[in-house]
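Here's the structure, in structure tokens; my notes come after.
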Amino acid sequence: MIVKADNLSRIFKTAWFAKAAKKARINDEELCAAIRQVMLGHADDLGGGVFKKRLKDNRHRSIIIAKGGKYWIYVYLFAKKDRDNIGIDELLEFKKLATLYSHQTDSVIDAEIENGDLLEICDGKQT
């Protein structure tokens, strides 16, 4: 599935994801490049606005939520050596989260950034 993004797309990582990515030595440039690939359909579409994208030479898996291409949020990261995939219960929770973010306003997102819950890593102009 190819997802069309416009110049209003914004890409984030959660505070938890930021810590996990730092530990795995995955930088924001790699994450932004990976989002470009997801937009072209180069990811596993798990449905409901949830995508799984391989990172770091296929050693890690990231879970990205997106609805409508407005907000793309890295929410979970795991090493392939540690687990094969996410569970059904986890997938359902990620789908709920994707639905929640699809209805968020920019002011709510900005408040999450100010609180440190979300970190903006690139926007549609950069992807």
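Inside region 84-112, can you point out the residues that are outside any loop (DSSP other than H, G, I, E, B), at pLDDT below 95, of a type in the set (Val, Ile, Thr) and open to solvent by 30 Å² or more (accessible area, probe 1.4 Å)?
Answer for region 84-112, where residues must be outside any loop (DSSP other than H, G, I, E, B), at pLDDT below 95, of a type in the set (Val, Ile, Thr) and open to solvent by 30 Å² or more (accessible area, probe 1.4 Å): Thr99, Val108.
Need the failing condition index for Trp16 against (1) modelled with pLDDT of 95 or more; (2) not in a helix (DSSP H, G or I), just the number.
Looking at each condition in turn, Trp16 falls short on (2).
Whether any residue in region 61-76 is in a loop (DSSP other than H, G, I, E, B) and open to solvent by less than 10 Å² (accessible area, probe 1.4 Å) is what I want to check. Break it down stepwise before answering.
Of all residues in region 61-76, those in a loop (DSSP other than H, G, I, E, B) come to 68-70.
Subset that is open to solvent by less than 10 Å² (accessible area, probe 1.4 Å): 69.
Yes.
Would you check if Leu55 is touching a strand residue (DSSP E or B) at 6+ places or on another chain (Cβ under 8 Å), aliphatic (A, V, I, L, M), closer than 20 Å to Cys32 by Cβ and open to solvent by less than 30 Å² (accessible area, probe 1.4 Å)?
Yes: the conditions hold for Leu55.
Quick check on my filter: what residues within region 53-79 are modelled with pLDDT of 90 or more and farther than 30 Å from Ser107 by Cβ?
Arg54, Leu55, Arg59, His60, Arg61, Phe78, Ala79
Could you please find all residues in region 37-53 being outside any loop (DSSP other than H, G, I, E, B), in contact (Cβ under 8 Å) with a residue 12 or more places away in the chain and not polar (S, T, N, Q)?
Residues of region 37-53 that are outside any loop (DSSP other than H, G, I, E, B), as a first pass: 37-39, 44-47, 50-53.
Within this subset, residues satisfying the condition of being in contact (Cβ under 8 Å) with a residue 12 or more places away in the chain are 37-39, 45-47, 50-53.
Matches in region 37-53: Val38, Met39, Asp45, Leu46, Gly47, Val50, Phe51, Lys52, Lys53.
Given (1) touching a residue at least 12 places away in the same chain (Cβ under 8 Å); (2) open to solvent by 20 Å² or more (accessible area, probe 1.4 Å); (3) hydrophobic (A, V, I, L, M, F, W, C); (4) farther than 18 Å from Glu112 by Cα, identify the lone condition not met by Ala15.
(4)
Return the pairs, sorted by first residue and then second, in which the second residue is among the aromatic types (Phe, Trp, Tyr), the first residue lies in region 20-36 and is surrounded by 13 or more Cβ atoms within 10 Å (Cβ to Cβ), the beta carbons are less than 6 Å apart, and the residues are 6+ apart or on different chains.
Here the result reads Ile35/Trp72, each pair linking region 20-36 to a residue that is among the aromatic types (Phe, Trp, Tyr).
The values are calculated or read from the model by the stated rules, or taken from the named source; none is laboratory data. It should be emphasised that the depicted structure is a prediction, and the values quoted were computed from it without experimental measurement. Ideal geometry is used to build each Cβ from the backbone, glycine not excepted, and the neighbour counts take in all protein chains shown. In case anyone asks, the SASA skips ligands and DNA or RNA and just uses the protein heavy atoms, side chains included. Shrake-Rupley method; radii C 1.70, N 1.55, O 1.52, S 1.80 Å.
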